[in-house]
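Everything below concerns the one structure shown next.
The values are calculated or read from the model by the stated rules, or taken from the named source; none is laboratory data. Note that the coordinates shown come from a computational prediction; the quantities given were computed from them, not determined experimentally. Virtual Cβ from ideal backbone geometry, glycine too; neighbours counted across all protein chains shown. Just so you know, the surface numbers come from the protein's heavy atoms only, side chains and all, with ligands and any DNA or RNA stripped out. Shrake-Rupley method; radii C 1.70, N 1.55, O 1.52, S 1.80 Å.
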Amino acid sequence: MDKKQLLRKLPKMDELLNEEIVKLEAGTTMKEIVMESLREAVDNYRNLILKGKIEDFTKEGILKSFRIIIEQKKQPNLKNVINATGVIIHTNLGRSILSDGALKNVIDAAHNYSNLEYDLEKGTRGSRYSHVEELIKRITGAEASLVVNNNAAAVVLVLNTLCSGKEAIVSRGQLVEIGGSFRIPEVMEFSGVNLVEVGTTNKTHLKDYENALSENTGAFLKVHTSNFKIIGFSEEVSLEELVKLSVKSRIPVVEDIGSGTLVDFSKYGFEYEPTVQESIDKGVDVVTFSGDKMLGGPQAGIIVGKKKYIDKMKENQLTRALRIDKMTLAALEGTLKYYLDESEAIKNIPTLHMILASEDEQKRRALILKEKLENKNLNFKFTVEGDYSMVGGGSMPGQKIPTYVIKAESSSVSPEQVDKKFRKRRVPIIVRLAHNQVIMDLRTMLDRDFDVLVDAFTEF
Ligand SMILES: *Cc1c(COP(=O)(O)O)cnc(C)c1O
């Protein structure tokens, strides 16, 4: 057929809309998307005809192309990925994944009306913050608490409430940048607080803080240098000393502890990471931390400390702008409940479980996955080897966790090709590349990811 004949043969929209497969699709998908996909399918064929690339076609061919186009359009932009990187709290991949308990609470809160701001005892308006406050107080030992959008918001709120228009004294060794957009000096400026830097990059002494004190001082700020380490000739003032100075000078100590673990990981053979309970116990006035780092919950900023300061924050107009949403609150309550019993927390909260799961466990899982892959007789050679995972998310920067990985090699496919194809899948797989190999860490992969991964390798 010549081009003209072929073009004339292209089906009309009405005709296509009457096809069974299109009608079926239109029953569940928005009409706009169905029409757009049909038009694109026909346009693709028109272009092929005009370029002389096809000599004939069938309506079935167009309908098949329509199906592919519409499936792509229906995929969400924010999609599940498989994290095979071995970085547990991967900020680019959404940090912590939620526990079953947290997830159930989110679904309930999202799908139903709730007593979010309603006092069921009194039948009057209530506070959204009340739902987790008792729980947080019990777990951390603090007098009061408040939860906001994230830890950055928590720091802004604390500084703005306690020392707007005044000075906050910070050690030069703690003027950190976290994740590119959170920089202590800028956050302070934004909060309306004047930064007074004391000490040097590697050493700060108590007398540096004492010398900087004035009638304008609003707070001592301590920031956990969570994503790097200064080693060698270095020194910071201890919390105890800072609290002593704070009591003497009647100036509050605020600590941005960053990851905010509620579990003492040194018990499990890890490097010591400061716990929230310890800071409260040592008398720090206000502590802030993230909900989705080592706590293993949703994105949130948690503020704990003395009631007189937290009460002031609750009255700050900024709180309204930084407030936590109901689904997050539901997830946070579901996560925190596990912490009433540490063994439950470790068993149920994926982030904690991933950090603490044994090397042997990863080896066992790696061998299961390897067998599944080898059963498919693929073009790849798979090996199981020892390697290291990382906590990530600016937590435990120096800590390498022994793990097991699967390495894939092929003489016909390059690691870069695997990486690229894996990223373009409906459920993308994020791997590590090194030494001409594709490396997949078992520690951050879930058992339910195994079959998806096997399918992905069969696509080459
Ligand atoms: C991660 C981190 C923050 C930022 O917390 P977000 O929850 O990401 O807003 C602030 N300070 C420190 C020390 C951190 O580690």
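Observations
- Failed criterion for residue 291 (all others in (1) open to solvent by 10 Å² or more (accessible area, probe 1.4 Å); (2) within 15 Å of the ligand (Cβ to nearest atom); (3) closer than 27 Å to residue 252 by Cα hold): (1)
- Selection from the stretch 298-321 of residues that are open to solvent by less than 50 Å² (accessible area, probe 1.4 Å) and within 11 Å of the ligand (Cβ to nearest atom): 298, 300, 301, 302
- Matching residues, the stretch 326-349, being charged (D, E, K, R) and touching a residue at least 12 places away in the same chain (Cβ under 8 Å): 326, 333, 337, 342
- Test: residue in the stretch 86-96 that is out of contact with any strand residue (DSSP E or B) (no Cβ under 7 Å at 6 or more places or on another chain) and not β-branched (Val, Ile, Thr): yes
- Residue list for the stretch 276-288, restricted to those being surrounded by fewer than 24 Cβ atoms within 10 Å (Cβ to Cβ) and either within 25 Å of residue 103 (Cα to Cα) or among the hydrophobic types (A, V, I, L, M, F, W, C) (or both): 280
- Of all the criteria given as (1) surrounded by 13 or more Cβ atoms within 10 Å (Cβ to Cβ); (2) within 16 Å of the ligand (Cβ to nearest atom); (3) under 18 Å from the mean Cα position of the chain (by Cα), the one not satisfied by residue 92 is (1).
- In the stretch 278-288, the residues that are part of a helix (DSSP H, G or I) and either within 12 Å of the ligand (Cβ to nearest atom) or within 15 Å of residue 258 (Cβ to Cβ) (or both): 278, 279
- Take the conditions (1) of a type in the set (Asp, Glu); (2) within 27 Å of residue 261 (Cα to Cα); (3) touching a Lys or Arg at 6+ places or on another chain (Cβ under 7 Å); residue 133 misses just one of them, which is (3).
- Subset tally (residues that are surrounded by fewer than 20 Cβ atoms within 10 Å (Cβ to Cβ) and either more than 21 Å from residue 387 (Cβ to Cβ) or without any contact (Cβ under 8 Å) to a residue 24 or more places away in the chain (or both)) for the stretch 402-445: 18
- Scope the stretch 91-141; condition touching a helix residue (DSSP H, G or I) at 6+ places or on another chain (Cβ under 7 Å), among the polar types (S, T, N, Q) and over 13 Å from residue 332 (Cα atoms); matching residues: 114, 140
- Residue in the stretch 96-115 that is open to solvent by less than 20 Å² (accessible area, probe 1.4 Å) and either at positive phi or among the charged types (D, E, K, R) (or both) present: no
- Looking across the stretch 205-242, the residues that are modelled with pLDDT under 85 and within 16 Å of the ligand (Cβ to nearest atom) come down to 226, 227, 228, 229, 230.
- Any pair with Cβ under 7 angstrom, 6 or more apart, that starts in the stretch 203-219 at a residue that is of a type in the set (S, T, N, Q) and ends at one that is crowded, with 16+ Cβ neighbours inside 10 Å and in a loop (DSSP other than H, G, I, E, B): 204/236; 204/237; 216/166; 217/166; 217/251
- Taken over the stretch 322-332, the criterion of being farther than 22 Å from residue 158 by Cβ and within 17 Å of the chain's Cα centre (by Cα) is satisfied by 327, 330, 331.
- Test for residue 456: is it modelled with pLDDT of 95 or more and on the phi < 0 side of the Ramachandran plot: yes
- Considering (1) open to solvent by 40 Å² or more (accessible area, probe 1.4 Å); (2) within 26 Å of residue 425 (Cβ to Cβ); (3) out of contact with any helix residue (DSSP H, G or I) (no Cβ under 6 Å at 6 or more places or on another chain), the lone condition that residue 32 does not fulfil carries the number (2).
- Within the stretch 148-174, the set of residues being open to solvent by 10 Å² or more (accessible area, probe 1.4 Å) and more than 9 Å from the ligand (Cβ to nearest atom) comprises 156, 160, 161, 162, 164, 165, 166, 167, 172.
- Test: residue in the stretch 351-370 that is assigned to a loop (DSSP other than H, G, I, E, B) and away from the ligand (no atom under 16 Å from the Cβ): yes
- Filter result for residue 332 (in contact with a Gly (Cβ under 7 Å, 6 or more places away or on another chain), modelled with pLDDT of 95 or more and within 16 Å of the ligand (Cβ to nearest atom)): yes
- Screening the stretch 1-90 for helices (runs of 4 or more DSSP H) wholly inside it with 1 or more residues that are basic (Lys, Arg) returns the ranges 3-9, 20-26, 31-50, 59-74.
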